[in-house]
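Values quoted throughout were computed directly from the atomic coordinates according to the rules given, and no laboratory measurement underlies them. All of these numbers come straight from a predicted model, not from anything done at the bench. We place every Cβ from the backbone using ideal geometry, glycine too, and count neighbours over all the protein chains shown.
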Ligand code: NAP
């Protein structure tokens with residue numbers, strides 16, 4: 001058990017929600033970031049409090065540096081930061097080829113999935129690095145198997161944003177390895193969450209399940225379990241590494 005704080009961006013739904021509940025069950029005080037769905041974020045906080053855990057909901061669009069600064073300020077008031085889960089992520093409309101993509105779409109994708117994750121990590125390193133007087137900690141970045149597959153004819157911009165996350169995990173991990181911070185990534189496969197509906201294809205994960213060696217979609221809990229393991233001392237020699245949690249895909 002720990003009395004440390006974990007910041008989870010996009011902690012209100014899907015994988016972020018499952019991670020918030022799993023981290024709280026392991027004694028973390030949870031900062032539940034959300035973009036707009038305050039009711040969902042409040043529900044996560046209530047569920048954690050009902051199990052005698054501690055959590056707060058903080059509105060933070062990771063596309064906004066100002067929101068990110070406010071998120072970490074709220075975390076500072078809640079306790080000592082011990083972990084960041086860079087979970088917030090978006091997809092664009094599925095089935096759009098690169099030769100059909102608008103600049104705005106690509107910029108938004110990179111702003112949220114890449115710049116947002118890097119800025120959150122910057123704030124976490126400032127607080128957790130022994131170089132800055134911190135006590136160390138863990139950063140877990142959400143990538144995707146799309147980084148390996150490229151997502152042709154689906155959303156190459158999303159895949160490229162997750163490829164950037166994989167490089168970021170390697171580089172940042174090396175940068176802060178001597179400062180008490182581990183940095184790890186997770187590449188989920190097809191997971192049963194609302195993100196597919198956001199891409200205009202609510203059915204996507206189930207439609208493609210036959211292509212998964214394990215012949216099924218994954219659950220948000222299965223990703224959350226891997227994330228909280230990476231956050232734990234059981235993963236104390238894991239850094240700059242990204243784990244596929246994808247049923248073999
Ligand atoms: P989801 O069900 O769509 O939930 C997204 C969460 O992120 C929500 O809490 C949402 O907040 C928040 N969010 C959306 N845009 C945001 C922004 N601009 N700033 C801050 N928060 C924002 O997504 P998910 O499936 O759980 O995905 C979580 C992560 O796993 C993402 O990085 C995704 O790319 C990655 N992943 C997912 C899958 C999959 O199959 N599901 C596969 C591979 C990788 P609101 O509730 O306020 O909207």
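Okay, here's what the table says:
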{"item": "Yes/no for residue 194 being within 11 Å of the ligand (Cβ to nearest atom) and in contact (Cβ under 8 Å) with a residue 60 or more places away in the chain", "result": "yes"}
{"item": "Options 55, 24, 18, 77: the member that is on the phi < 0 side of the Ramachandran plot and surrounded by fewer than 20 Cβ atoms within 10 Å (Cβ to Cβ)", "result": "77"}
{"item": "Given (1) away from the ligand (no atom under 16 Å from the Cβ); (2) surrounded by fewer than 15 Cβ atoms within 10 Å (Cβ to Cβ), number of the condition residue 29 does not satisfy", "result": "(2)"}
{"item": "Hits in the stretch 32-50 (condition: loosely packed, with under 14 Cβ neighbours inside 10 Å and either in contact with a helix residue (DSSP H, G or I) (Cβ under 7 Å, 6 or more places away or on another chain) or under 17 Å from residue 84 (Cβ atoms) (or both))", "result": "none"}
{"item": "Of residues in the stretch 80-97 being touching a strand residue (DSSP E or B) at 6+ places or on another chain (Cβ under 9 Å) and farther than 16 Å from residue 25 by Cβ, the one surrounded by the most Cβ atoms within 10 Å (Cβ to Cβ)", "result": "84"}
{"item": "Complete set of residues in the stretch 96-112 that are assigned to a helix (DSSP H, G or I) and in contact (Cβ under 8 Å) with a residue 12 or more places away in the chain", "result": "98, 105, 106, 108, 109, 110, 111, 112"}
{"item": "The stretch 143-157: number of residues that are in contact (Cβ under 8 Å) with a residue 24 or more places away in the chain, closer than 15 Å to residue 89 by Cβ and touching a helix residue (DSSP H, G or I) at 6+ places or on another chain (Cβ under 7 Å)", "result": "4"}
{"item": "Residues of the stretch 199-222 satisfying the condition of being under 28 Å from residue 122 (Cα atoms) and near the ligand (Cβ under 7 Å from one of its atoms)", "result": "220"}
